[in-house]
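Reading through the structure tokens given below for one structure.
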Amino acid sequence: MTMKSILAILTGAESDGAVLDAALAVARRFTAHIDAVHVRTLPGEVIAYGPPEALVATEELIAAMELEGRQREEAARTRFDRWRAEHGIAADGSGGTATAAWSPYVGGLWPVAGDLARYADLTIIANEKGENARTPENRLAIEAALFESGRPVLLVPPDAASAARLLEHALVAWKPSPEAAHALGAAMPFLATAGSVTVFAASDRDVAATLPEELLTYLRRHGIDAAAPVFPAAETVGQALLGEADRTGATLLVMGAYSHSRLRELILGGVTEHVLNNARIPVLMAH
């Protein structure tokens, strides 16, 4: 198993550097091609997914949105060109090296990002949070790639420092669900080359979790000797999962996304939302 086509979604923000560096780390490992994409969203979509006050949009506001969109596209293109020059990356394949190309789009972020992600082995998006609060566009890109493509999505912190250590230690969050199985299958190229792998068994507040022997056998058949400690019952699975990531020094978290409905998680909270809002390391998700 390998990865040959990587989609890197850029927004014109500082976090584009982390996205590109993570894409390069993966592309160099698998000799893959990076499609760096920026989608200049139309004012109508920004209004639809923006704050309520944006619904009363004047001509001046629409013009300002259009100007900001062009400026973001220019910033993304400038960063991409500088990044490609710094690393000496060719635009198309030659000599078995990683390559990268720039592709601008204009239109709705949801349909464009979702459609392009279907034709990529991996989509990489910044996980903006904290001081870089997640914008409606950032959430839209993440959800479009997750829900519309059927492909894995790698979410990287805005800090680019984590990209170089991506494959040192993978922590796999496991529960008997289609989403977790999908994420595990999508992550196999990473797990097969990771320095070490640990599997975290999700548990509830009453029962400690155990890993099925079938899972460990499956990994061993792929040459992956994963550590499988027994975890005590946890009040909050999301906190226990990120706590284990900190404790083991994990550099990549693998998990299924939104096993419950997206609306339920947004309103009531859930493991996916907790990880999105609090993870400090790259997270590979699949739905």
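The values are calculated or read from the model by the stated rules, or taken from the named source; none is laboratory data. Please read all numbers here as calculations on a predicted model, not as lab measurements. Virtual Cβ from ideal backbone geometry, glycine too; neighbours counted across all protein chains shown.
A count restricted to the range 163-178 and to residues that are small (G, A, S) and surrounded by fewer than 19 Cβ atoms within 10 Å (Cβ to Cβ) stands at 2. A count restricted to the range 65-89 and to residues that are surrounded by 14 or more Cβ atoms within 10 Å (Cβ to Cβ) and of a type in the set (A, V, I, L, M) stands at 4. What tally of residues in the range 105-155 results from selecting those that are in contact (Cβ under 8 Å) with a residue 24 or more places away in the chain, of a type in the set (D, E) and either part of a loop (DSSP other than H, G, I, E, B) or farther than 18 Å from H287 by Cβ (or both)? Residues in the range 105-155 being in contact (Cβ under 8 Å) with a residue 24 or more places away in the chain, of a type in the set (D, E) and either part of a loop (DSSP other than H, G, I, E, B) or farther than 18 Å from H287 by Cβ (or both): 3 in total.
Give the residue, chosen from L146, L154, that is at pLDDT below 95, within 22 Å of A8 (Cβ to Cβ) and not assigned by TED's automatic domain parsing to the domain that holds T272. Spell out the reasoning first.
Values: L154 fails: at pLDDT below 95.
Matching residue, one of L146, L154: L146.
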